[in-house]
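The values are calculated or read from the model by the stated rules, or taken from the named source; none is laboratory data. Values in this document were obtained by computation on a predicted structure and should not be read as measured data. We place every Cβ from the backbone using ideal geometry, glycine too, and count neighbours over all the protein chains shown. Note: accessible area is taken over every heavy atom of the protein model, side chains too, but ligands, DNA and RNA are not part of it. Shrake-Rupley method; radii C 1.70, N 1.55, O 1.52, S 1.80 Å.
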Amino acid sequence: MQRALELARQGVGLTAPNPHVGAVVLDKQGQLAGEGFHTYDGLKHAEILAMEQAGGRARGGTLYLNLEPCSHQGRTAPCADAVIKAGIATVVAAMRDPNPQVSGRGFDKLQGAGIDVVEAVLRSEARKLNDWFAKYIRTKTPFVTLKAGMTLDGKIAPPAQVSLGPTAMGAAAAGSGWITSEEARAHAQTLRHANDAIMVGVGTIVADDPLLTDRSGLSRRKPLLRVILDSQLRLPLTSRVVASAQNDVLVICSMAEERRRQELEARGVQVEQVTLAPISISAPRSKKVKQMPVRRRTGTGKPIVEESRTSGDGRPDLRQVMRRLGELEITSVLIEGGALVNWAALAADVVDKIFLYYAPKILAGSGSVPFAAGGGFHQLSEAAQVKDIALHRFGIDFAVEGYIHDPYEETNVHRAN
């Protein structure tokens, strides 16, 4: 099963909107007979590839795979039928398919044909690998990861200094280097690779002019969609994201001036207008308090007003944004915003998972930029609760990974809808 999971991981960036699946076939003697992993463009599912490689040795053998074989007709014929036809004697699967069309039905079909089925081997690892798929297939909205790099005291940038690229793993003062280590920043690129889209606020573009590309060096099926929250289309036409746009930049606005829209679209930038935020996100929902925008300075000394969103201030509704991205078949989104975008995402309750990198540094001071700036949750009972926490080391840094919402729980379906 560990090998099946290793194979499945080779499909990261290549399978969406389908899940990551790896399969291993052992013959009657327990010897490796075949293996395979799924890619969307390759069409064939992992178990089909593994059984084709095994040929006649599959008969009477054992099939290991990290996800239940499908039992319905999709782009391909049901895999459960192929497993039965190949004469497999035992199927060992890590988890059931979270797809409501499949869940349990594949196992039922196999058992009905006399095949022994063993479930839940390395289940937790398998669920984590396809957490994004579980959310998307059940809600048709993307799985959202909030990522940031910061100091031990939760600062993502020093005060009144130009950032060298907070979206690329921790802002830093000009000439002073990055907050996070090279190892942490390299790992952050693998997170970009694993997602369909990256999202930032226009304030980050204006201040830092990042490219927002996948620089992992790994193959991916489709370009990383660069999503920019820009309520009034302030995105500079001279920015690097615009200059490099090839229909892989999507600007989300709430008020689109037609001439500006045409200028962006002429440069290969897609522009979508969504409804306004219905409630305040800078204060508890029982209160509607005007949120003053946070200002920080560029290298020219001019203050940059980052995006904020409160009731009636014209900002896009992040829940509506996620629903629209789901309609565009974006299955997963990595948010790499500044302090106000981070708070907006948390307050709108669209974040499913966090991945926060910490460097062994302390900035202190009230002027340094916090991880999330806004009204904040006013009661501990309202705070975002992070569960299933895992810790990781990257050089001298460490990272906290955890879930705010379990994508496999039924309550997550109701929340997304």
Rolling a 1.4 angstrom probe over the protein chains, ignoring ligands and nucleic acids, what is the accessible area of residue 238 in square angstrom, nearest 10? 120
Taking the simple approach of a point 7 Å from Cα along Cα-to-Cβ for both residue 247 and residue 209, what is their distance in nm? 2.8
Treating only the Cβ atoms of Lys and Arg (+1) and Asp and Glu (-1) as charged, compute the dipole magnitude of region 1-82 about its Cα centre; round to the nearest 20 debye. 100
Grab the Cα-Cα distance for residue 384 and residue 410, subtract it from 0.36 nm times how many residues apart they are, and report the gain in nm with one decimal. 7.5 nm
Of region 50-69, those with amide N under 17 Å from the point 7 Å along the Cα→Cβ vector of residue 85 are 50-60, 69
Run the 1.4 Å probe and let me know the accessible area of residue 124, rounded to the nearest 10 Å². 80
Around residue 123, under 14 Å between beta carbons, what's the net of Lys plus Arg minus Asp minus Glu among the other residues? -4
Probe 1.4 Å, protein heavy atoms only - accessible area per residue of region 1-142 in square angstrom: 41
Choice from 326, 13, 60 showing the highest fluctuation, given a GNM over the chain with Cα pairs closer than 10 Å: 60
Just tell me which aspartates and glutamates come within less than 18 Å, Cα to Cα, of residue 128; anything on the same chain fewer than 8 places away is out. 6, 68, 97, 119, 196, 352, 388, 401, 406, 409, 410
I'd like the distance separating the alpha-carbon centroids of region 340-417 and region 66-86, in whole Å. 38
Relative contact order computed over region 75-148 (Cα-Cα under 8 Å; 6+ residues apart), in percent: 32
So, over other residues within a Cβ distance under 9 Å of residue 248, counting Lys, Arg +1 and Asp, Glu -1, the net charge is +2
Where 59, 393, 323, 240 fall by accessible area, highest first, once all protein chains stay in place (1.4 Å): 393, 59, 240, 323
If you project the alpha carbons of the chain onto their three principal axes, what span does each projection cover, largest first, in Å? 72, 47, 43
When the chain is fully extended, how far beyond the present Cα-Cα distance does residue 44 get from residue 272, taking 0.36 nm per residue of separation? 78.6 nm
Taking a cut-off of 18 Å between Cα atoms, list the aspartates and glutamates near residue 28, but don't count ones fewer than 8 places away on the same chain. 47, 52, 116
Largest-first ellipsoid semi-axes for region 373-417, taking √(5λ) over the Cα gyration tensor eigenvalues, angstrom: 25, 18, 9
Charges on Cβ only, +1 for Lys and Arg, -1 for Asp and Glu, centred on the Cα centroid of the chain; of 25, 146, 74, which one is farthest towards the dipole's positive end? 146
Compute the separation of the alpha-carbon centres of region 190-264 and region 112-151 and state it in Å as a whole number. 28
If you take every residue apart from residue 107 with its C-beta less than 10 Å away from the C-beta of residue 107, what net charge results, scoring Lys and Arg +1 and Asp and Glu -1? -1
Could you sort out which of 140/222; 44/85; 140/353 sit more than 26 Å apart by Cα distance in this structure? none
